[in-house]
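Colleague: So that we are looking at the same thing, I have put the structure below in structure tokens.
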């Protein structure tokens with residue numbers, strides 16, 4: 001007799017085990033299918049061609065602007081034109097004080113994405129409503145004619161938000177030791193030198209002088225410029 005035994009790979013599962021596995025698989029499939037469904041509203045079945053647009057808003061007020069836009073279109077009876085709007089964010093895992101925490105980070109701080117009829121400037125009430133919302137700076141494009149985003153680009157962002165694909169790593173155009181100027185955030189207009197680059201998170205550790213002391217601060221790529 002051998003000193004060990006091997007489990008039979010064809011060992012039959014009980015009916016209860018089969019049901020549990022089937023139930024778990026179906027639940028996972030339903031959850032995956034419903035991720036985008038709960039994130040986006042269905043497009044009305046009408047003859048309007050809709051496109052995605054990027055709206056520039058005051059940084060840090062993205063959620064407030066979205067709430068106001070939703071309330072205003074509801075009040076003015078324009079809900080059929082503003083189909084979807086959201087702040088592009090991703091969930092990231094960070095270790096803080098020895099604990100792993102999940103937090104959200106904006107893809108493009110200061111921007112929200114809206115799904116509108118093509119050429120929204122041709123819908124006067126909708127156009128005025130959006131432009132006059134507090135915190136709104138304007139659309140990407142010319143002052144009076146916004147430029148729509150590529151559908152494939154927005155679909156890729158939505159897939160990242162729903163966890164269906166990884167966000168592409170940002171291009172690193174910085175080097176350790178390089179001098180930069182911080183252009184956004186609490187340290188705006190400070191000059192500093194890059195100490196460390198985190199391409200995965202898109203952040204830099206920069207040494208700046210604060211109260212005659214060299215201090216390390218963390219900023220994102222988009223918050224700095226080369227000098």
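Nothing in this text is a laboratory measurement; each read-out follows from the coordinates by a stated rule. Everything numeric in this text was worked out from a predicted model, so none of it was measured. All Cβ positions, even for glycine, are placed from backbone atoms using ideal geometry, and neighbour counts span all protein chains on display.
Colleague: What would the Debye equation give as log₁₀ I(q)/I(0) for region 50-161 at q = 0.15, 0.23 Å⁻¹, counting only Cα atoms as equal point scatterers?
Modeller: Each listed q maps to, in turn, -0.65, -1.36.
Colleague: Could you calculate the FRET efficiency of residue 79 with residue 142 from 1/(1 + (r/R0)^6), where r is the beta carbon distance between them and R0 is 30 Å, rounded to 0.05?
Modeller: Efficiency at R0 = 30 Å is approximately 0.65.
Colleague: Taking R0 as 41 Å, what FRET efficiency do you get between residue 196 and residue 47 from their Cβ-Cβ distance, rounded to the nearest 0.05? Can you show the working numbers first?
Modeller: Numbers: r = 54 Å, r/R0 = 1.31.
That pair, residue 196 with residue 47, gives E of 0.15.
Colleague: Once the Cβ-Cβ distance between residue 64 and residue 226 is put in as r, and R0 is 41 Å, what FRET efficiency do you end up with, to the nearest 0.05?
Modeller: Calculated transfer efficiency: 0.80.
Colleague: If you don't mind, another one. In nm, what is the difference between 0.36 nm times the number of residues separating residue 183 and residue 105 and their Cα-Cα distance? Spell out each step's value before the answer.
Modeller: Numbers: separation 78, 0.36 × 78 = 28.08 nm, distance 1.88 nm.
Full-extension gain reported as 26.2 nm.
Colleague: Arranged by the count of other C-beta atoms within 10 angstrom, fewest first, what order do 83, 215 take? Display every interim value, and only then the final one.
Modeller: Values: 83 18, 215 13.
Lowest to highest Cβ neighbour count: 215, 83.
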